[in-house]
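Data block below; observations after.
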Amino acid sequence: MEPALAEKIRKKQLQWTPQRETVFSVIANSNNKHLTAEEIFLKTKKIMPTIGLATVYRTLELFCEEGILQKFNLPGEAARYEMLAEDNDVHYHYICLGCGKIFEVPIQKETISSQIENDNIRDFIITKISCWYFGYCKDCMKRQG
Ligand SMILES: [Zn+2]
Ligand SMILES: [Zn+2]
């Protein structure tokens, strides 16, 4: 396991069963950062054929409770899971309602601080940022004419 992942895991007072570790590494090593439970299950099953869907669901819920993952409930779609963003990995999401493609745009820390200033919110600590824009991508707009 990568040292960064091992460190992240070690900090959590979780019992790391082989199942949990496999689910975690599947998500951590996936190119697609926004997986559905079904996709995570199928990938995990390739490594650990005996694992059941219920175990994967339970593990995902646990990871959400522990702040390892965040779950996005998107309208008309299966929920997607993503590693909770570190400070240096905060991004907006643009999701296409036509094909489900997700585009990520990083948010600069300065942008967030000035946003907070502009919004005139005092004594507030942000621990989690979730930002989704919905619309249609170039390809889908073309297809619709
Ligand atoms: Zn994301
Ligand atoms: Zn599209």
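Each reported figure results from applying straightforward, stated rules to the coordinates on display, with no laboratory input. Predicted model, so just to flag it, every value in this text is computed and none were measured. In this analysis, Cβ positions are derived from the backbone assuming ideal geometry, glycine residues included, and neighbour counts consider all displayed protein chains.
Bridging of Lys101 to lysines at a Cα separation below 16 Å is possible for Lys33, Lys138, Lys142, once same-chain residues fewer than 8 apart are set aside. Distance distribution note for the stretch 1-84: the fraction of Cα pairs above 15 angstrom is 54%. Charged neighbours of Lys45, selected by a Cβ distance under 12 Å, balance to 0 (K, R count +1; D, E count -1). Pairs of Cα atoms under 8 Å, at least six residues apart: use those to get the relative contact order of the chain, whole percent. 18 percent. Put simply, the chain fits an ellipsoid with semi-axes of 28, 23, 12 Å; these come from the alpha carbon gyration tensor as the roots of five times its eigenvalues, largest first.
Add -39500 (n - 2.57) for each DSSP H run of 4 or more in the chain, then divide by its residues: what number comes out at 222 nm, to the nearest 500 deg cm²/dmol? Before the final figure, lay out each step's value.
Working: 6 runs with 62 residues, N = 145.
Rounded to the nearest 500, the figure is -12500 deg cm²/dmol.
Net charge of the neighbourhood of Gln15, taken over other residues with C-beta under 12 Å away and scored Lys/Arg +1, Asp/Glu -1, is 0. With Rh defined as the Kirkwood radius, the inverse of the mean 1/r over Cα pairs, the Rg/Rh of the stretch 104-145 is 1.20.
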